[in-house]
Amino acid sequence: MKKTKTFPEQKQNLPGNEHLMKPQPEIIRENYTGSGKLQGKTAFITGGDSGIGRSVAVHFAREGANIAIVYLKEDKDALKTKEMIEKEGQECLLISGDLKDEKFCKEAIKKCHTHFKKLNIVVNNAAVQFPKKELEKVTTEQLHKTFETNIYPYFYITKAALPFLKSGDAIINTSSVTAYRGSEHLLDYSSTKGAIVTFTRSLSSMLAKKQIRVNGVAPGPIWTPLIVATFDKLSDFGKDNPMERAGQPSEVAPAYVFLACEDSSYITGQFIHINGGELVGS
Ligand code: NAD
Ligand code: MG
């Protein structure tokens with residue numbers, strides 16, 4: 001575990017590229033040993049170019065899965081993720097495009113299925129956030145962008161993927177601690193994260209009979225490009241939770257492995273809270 005407690009006040013509002021971050025996030029622990037938990041599976045991960053998505057992609061690969069990742073336009077980060085997946089001996093398909101566009105979502109799923117001839121795990125993870133201290137500053141344009149990016153694609157992607165999913169397959173959604181305790185500076189973002197919790201619960205009921213499980217992860221403060229690109233003050237990031245530090249992507253992704261594989265075969269509609277000890281309702 002990286003003991004990173006403080007972060008330098010680096011140049012703010014970087015475009016959200018992982019290769020520009022200092023320090024670099026920890027993607028996977030050197031001593032993480034794969035044990036074939038996802039052998040022969042294919043996973044589709046949105047926002048898999050960087051941060052939590054990249055870490056999930058690399059962990060899944062170490063567990064034996066092939067990976068398709070969707071990202072907006074961060075080609076350099078995406079290529080690095082691909083390289084990391086290939087280093088694990090697995091294949092990676094890169095798909096660049098805008099998840100706000102339903103047609104693109106359908107095509108992306110189709111591309112993944114055509115390429116790998118199967119689809120077993122869908123990780124909905126891409127998101128944007130635009131912190132604003134006052135409601136008046138949340139423009140209609142921002143509101144639309146946040147909802148259209150953070151929750152609409154969960155419907156588009158899942159709808160496109162469902163025809164390919166079978167008994168034993170899994171969908172994993174990415175919410176946030178902000179869904180559970182609210183966030184005064186992320187009103188629109190935290191609302192989308194609440195929607196993701198309810199979406200997960202409803203979908204889990206809908207798909208339970210098909211033995212397709214739907215769960216989620218609710219991260220607290222995790223050191224990723226999203227944070228560096230959007231928050232003004234980084235030195236205190238993550239310090240107000242019981243463990244008094246931010247988490248690394250390497251501390252989040254193993255939960256996705258658990259929810260994707262057979263180990264969680266009797267769990268659906270649930271969230272795992274990875275937030276340094278902040279106690280929230282389930
Ligand atoms: P990240 O910036 O590394 O990942 C988000 C990715 O989403 C980007 O790489 C981008 O390619 C993709 N994306 C954004 N808009 C898109 C669009 N229109 N079309 C296609 N792709 C798009 O950040 P992250 O922190 O790893 O975020 C991953 C998830 O974790 C998000 O859902 C975020 O809300 C959640 N989360 C993060 C934290 C944290 O502290 N980092 C805390 C709670 C929840
Ligand atoms: Mg990125």
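Given the structure, is P153 within 11 Å of ligand 1 (Cβ to nearest atom), in contact with a Cys (Cβ under 9 Å, 6 or more places away or on another chain) and either charged (D, E, K, R) or under 25 Å from T81 (Cβ atoms) (or both)? In short, yes. The residues of the range 238-277 that are touching a helix residue (DSSP H, G or I) at 6+ places or on another chain (Cβ under 6 Å) and assigned to a loop (DSSP other than H, G, I, E, B), listed by number, are V252, T268, G269, N275. In the set (1) buried (at least 21 other Cβ atoms within 10 Å of the Cβ); (2) in contact (Cβ under 8 Å) with a residue 24 or more places away in the chain, E184 fails one condition alone, (1). Residue by residue through the range 122-143, note down the ones that are in contact with a Lys or Arg (Cβ under 9 Å, 6 or more places away or on another chain) and within 16 Å of ligand 1 (Cβ to nearest atom). Listed by number, the residues that qualify are A127, V128, F130, Q142. For the range 111-131, the count of residues that are farther than 26 Å from H59 by Cα and more than 15 Å from the chain's Cα centre (by Cα) is at least one.
Applying the criterion of being assigned to a loop (DSSP other than H, G, I, E, B) and within 16 Å of ligand 2 (Cβ to nearest atom) to the residues of the range 27-53, the residue that is surrounded by the most Cβ atoms within 10 Å (Cβ to Cβ) is G48. Let me confirm something: among L79, L143, which residue is assigned to a helix (DSSP H, G or I) and in contact (Cβ under 8 Å) with a residue 40 or more places away in the chain? Criteria check complete, one pass: L143.
Collect the residues in the range 214-256 that are touching a Lys or Arg at 6+ places or on another chain (Cβ under 6 Å) and not hydroxyl-bearing (S, T, Y), keeping them in residue-number order. Within the range 214-256, G238, R245, Q248 qualify.
Per-residue answers, yes or no, for (1) more than 10 Å from ligand 1 (Cβ to nearest atom); (2) of a type in the set (D, E):
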site: I222; (1), (2): no, no
site: N241; (1), (2): yes, no
site: R245; (1), (2): yes, no
site: E262; (1), (2): yes, yes
site: Y266; (1), (2): yes, no
site: Q270; (1), (2): yes, no
site: I274; (1), (2): no, no
site: V280; (1), (2): yes, no
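Can you find a residue in the range 113-120 that is hydroxyl-bearing (S, T, Y) and farther than 25 Å from Y156 by Cα? The answer is no; no qualifying residue exists.
Would you be able to tell me the number of residues in the range 167-192 that are part of a helix (DSSP H, G or I) and closer than 18 Å to A253 by Cα? Residues meeting the conditions: 1.
Number of residues in the range 54-75 that are in a loop (DSSP other than H, G, I, E, B) and near ligand 1 (Cβ under 8 Å from one of its atoms) equals 3. Within the range 101-129, residues that are part of a helix (DSSP H, G or I) reach partners that are among the charged types (D, E, K, R) with beta carbons closer than 7 Å, at six or more positions or on different chains, in the pairs F104/D98. Checked against (1) buried (at least 16 other Cβ atoms within 10 Å of the Cβ); (2) more than 10 Å from ligand 1 (Cβ to nearest atom), A78 passes all but condition (2). If you go through the range 149-166 and pick out every residue that is in a helix (DSSP H, G or I) and open to solvent by less than 60 Å² (accessible area, probe 1.4 Å), you end up with 10. Scanning the range 200-237 for residues that are more than 21 Å from G277 (Cβ to Cβ), part of a helix (DSSP H, G or I) and either without any contact (Cβ under 8 Å) to a residue 24 or more places away in the chain or within 16 Å of ligand 2 (Cβ to nearest atom) (or both) yields a count of 7. A single entry from K100, K110 fulfils the requirement of being surrounded by fewer than 24 Cβ atoms within 10 Å (Cβ to Cβ) and away from ligand 2 (no atom under 16 Å from the Cβ): K110.
The values are calculated or read from the model by the stated rules, or taken from the named source; none is laboratory data. No experiment lies behind these values; they were computed from the predicted model shown. Quick reminder, even Gly has a Cβ in these numbers, built from the backbone with ideal geometry, and neighbours come from all protein chains shown. Heads up: the accessible areas ignore ligands, DNA and RNA and are worked out on the full protein's heavy atoms, side chains in. Shrake-Rupley method; radii C 1.70, N 1.55, O 1.52, S 1.80 Å.
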